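> Dropping a structure here in structure tokens format, bear with me for questions.
The values are calculated or read from the model by the stated rules, or taken from the named source; none is laboratory data. Treat the numbers as computed from the prediction; the structure is a model and nothing was measured. Cβ atoms come from the backbone with ideal geometry, glycine included; neighbour counts cover every protein chain shown.
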Amino acid sequence: MNYNADEKGYYGEFGGAFIPEMLYPNTEELRQNYIQIMEEPSFKKEFDQLLKDYVGRPTPLYHAKRLSEKYNTKIYLKREDLCHTGAHKVNNTIGQILMAKKLGKTRIIAETGAGQHGVATATVCALMGIQCVVYMGEIDIARQAPNVARMKMLGAEVRPALSGSRTLKDATNEAIRDWINNPVDTHYIIGSVVGPHPYPDMVARFQSVISKEIKSQLKEKEGTENPDYVVACVGGGSNAAGAFYHYLDNPNVGIIAVEAAGKGIDSGESAATSVLGKVGIIHGSKTLLMQTPDGQITEPYSISAGLDYPGVGPMHAHLYRSGRGEFVSITDDDAMKAGLLLSKLEGIIPAIESSHALALLEHKTFKPDDIVVINLSGRGDKDLDTYINYFKL
Ligand SMILES: Cc1ncc(COP(=O)(O)O)c(C=O)c1O
């Protein structure tokens, strides 16, 4: 079984490029060039240098002793929360801004949910002196206010998406609309392993630095490159794709994807896409998505803006359907508790998205000698208001 994209961008039956005619030249230009550009020594050199000196990579692989004691297993946290800007998203935006420059683009657009991808995009645009417009749902603008302020300080224009559930899906629709209207000068920096081919594969490749580092760091600490399990939360699926990437073909490494169950899988207010989703097309890709029996997209819900998306990247749809990945859904309440627990046990306040991955520890029992790597995708600064209101701090 192949778990990477084939030449047409398919992961099993999922993926591809289902796009309006107007966007064909853009995605085709990218498709024809992305692998060749990524393999150019000068591109690699600049990408690696920026990851090191600007992002602060490699991020630590931290043995969480008190958390390990509590759950009677060996837990490592991959500290993507320590990346510049506070989450893994910047690995991808560094790659894509360099790609945009190679393609001669002079304007950048992006969508954002939690605001982390928006901040990461605004950051690299400031770094390169390129104009930046970020689309963000009106609800997310309210619940992730610090990130909106950061984007503005960085010189980006934040445009509210006012349709639908006014969250990530709707921001993505607006960004695609903008791209259709500005096909020549604009590059769309998609923030996850979603969208038409080649985006899911390109973003997964940029994020694969996460599992590349886990391998060498674990080798140094444990004498083996391979943990028993790698765990990551899945919104669109980019931090998970990066954490899983170099383990996809190794059946001895268990892959666990954690989705947002919101108020409960059967509550009608959730974002547990793999369990609830049916095959459909969203934002240019054939994948699993939550929809009504007549094919209308169901409005998703999660307390965490970054997981509040009705679809999932095609790689993850394939991991789910093929059985290679184990998929678990975690409610708002369980995620919030896990976030508080990590803060108190390890002195690390996680993003609520990452708290979903941590909450797995309450739902699955690992053996005492298992090595479990949890990808801590981001830090909780942006979520302080939500934590304050939830716990009445
Ligand atoms: C900290 C953090 N983790 C996870 C996610 C989910 O995105 P993805 O599934 O692409 O990693 C987000 C999205 O904004 C995020 O900010």
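> Restricting the search to region 344-386, which residues are among the charged types (D, E, K, R), in a helix (DSSP H, G or I) and within 13 Å of the ligand (Cβ to nearest atom)?
Glu353, Asp381, Lys382, Asp383
> Which one of the conditions (1) part of a strand (DSSP E or B); (2) buried (at least 24 other Cβ atoms within 10 Å of the Cβ); (3) in contact with a Lys or Arg (Cβ under 9 Å, 6 or more places away or on another chain) does Ala260 fail to meet, given that it meets all the rest?
Just one mismatch for Ala260, condition (3).
> Now, a different point. Looking at region 149-247, what strands (runs of 3 or more DSSP E) fall wholly within it and have at least 1 residues that are in contact with a Phe, Trp or Tyr (Cβ under 6 Å, 6 or more places away or on another chain) and within 27 Å of Lys45 (Cα to Cα)?
Those strands (runs of 3 or more DSSP E) span 186-188.
> Being small (Gly, Ala, Ser), without any contact (Cβ under 8 Å) to a residue 24 or more places away in the chain, assigned by TED's automatic domain parsing to the domain that holds Met336 and under 30 Å from Arg166 (Cα atoms) is true for just one of Gly295, Gly236. Which residue is that?
Just one listed residue meets the conditions, Gly295.
> Residues in region 102-113: is at least one outside any helix (DSSP H, G or I), within 20 Å of the chain's Cα centre (by Cα) and modelled with pLDDT under 95?
Within region 102-113, one or more residues are outside any helix (DSSP H, G or I), within 20 Å of the chain's Cα centre (by Cα) and modelled with pLDDT under 95.
> Another question, then. Please indicate, with yes or no, whether at least one residue in region 69-80 is out of contact with any Pro (no Cβ under 9 Å at 6 or more places or on another chain), more than 16 Å from the ligand (Cβ to nearest atom), assigned to a loop (DSSP other than H, G, I, E, B) and among the polar types (S, T, N, Q).
Taking every residue of region 69-80 in turn, none turns out to be out of contact with any Pro (no Cβ under 9 Å at 6 or more places or on another chain), more than 16 Å from the ligand (Cβ to nearest atom), assigned to a loop (DSSP other than H, G, I, E, B) and among the polar types (S, T, N, Q).
> Could you please let me know if Ile265 is buried (at least 24 other Cβ atoms within 10 Å of the Cβ), assigned by TED's automatic domain parsing to the domain that holds Pro368, over 19 Å from Gly9 (Cβ atoms) and more than 15 Å from the ligand (Cβ to nearest atom)?
The answer is no for Ile265.
> Does at least one position in region 300-322 carry a residue that is in a loop (DSSP other than H, G, I, E, B), touching a residue at least 12 places away in the same chain (Cβ under 8 Å) and more than 16 Å from the ligand (Cβ to nearest atom)?
For region 300-322, residues in a loop (DSSP other than H, G, I, E, B), touching a residue at least 12 places away in the same chain (Cβ under 8 Å) and more than 16 Å from the ligand (Cβ to nearest atom): absent.
> Looking at region 316-337 only, could you name the residues that are hydrophobic (A, V, I, L, M, F, W, C), crowded, with 23+ Cβ neighbours inside 10 Å and more than 16 Å from Ser274 (Cα to Cα)?
Within region 316-337, just Ala335 meets the criteria.
Matching residues to (1) under 24 Å from Ala357 (Cβ atoms); (2) within 14 Å of the ligand (Cβ to nearest atom):
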site: Ala87; (1), (2): yes, yes
site: Ile94; (1), (2): yes, no
site: Ala114; (1), (2): yes, yes
site: Cys125; (1), (2): no, no
site: Val133; (1), (2): no, no
site: Arg143; (1), (2): yes, yes
site: Glu157; (1), (2): no, no
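> Yes or no: Ser238 within 13 Å of the ligand (Cβ to nearest atom), more than 22 Å from Val203 (Cα to Cα), of a type in the set (Ser, Thr, Tyr) and crowded, with 24+ Cβ neighbours inside 10 Å?
Against the criterion (within 13 Å of the ligand (Cβ to nearest atom), more than 22 Å from Val203 (Cα to Cα), of a type in the set (Ser, Thr, Tyr) and crowded, with 24+ Cβ neighbours inside 10 Å), Ser238 does not qualify.
> Please indicate, with yes or no, whether at least one residue in region 287-295 is assigned to a loop (DSSP other than H, G, I, E, B), small (Gly, Ala, Ser) and at pLDDT below 95.
Of all residues in region 287-295, those assigned to a loop (DSSP other than H, G, I, E, B) come to 290, 292-295.
Imposing the further condition that a residue be small (Gly, Ala, Ser) reduces the set to 295.
Filter once more, so that each one left must be at pLDDT below 95: 295.
Yes - at least one qualifying residue is present in region 287-295.
> Further question: Could you tell me whether Ser165 is more than 30 Å from Tyr245 (Cβ to Cβ) and within 16 Å of the ligand (Cβ to nearest atom)?
Here the answer is yes, as Ser165 does meet what is asked.
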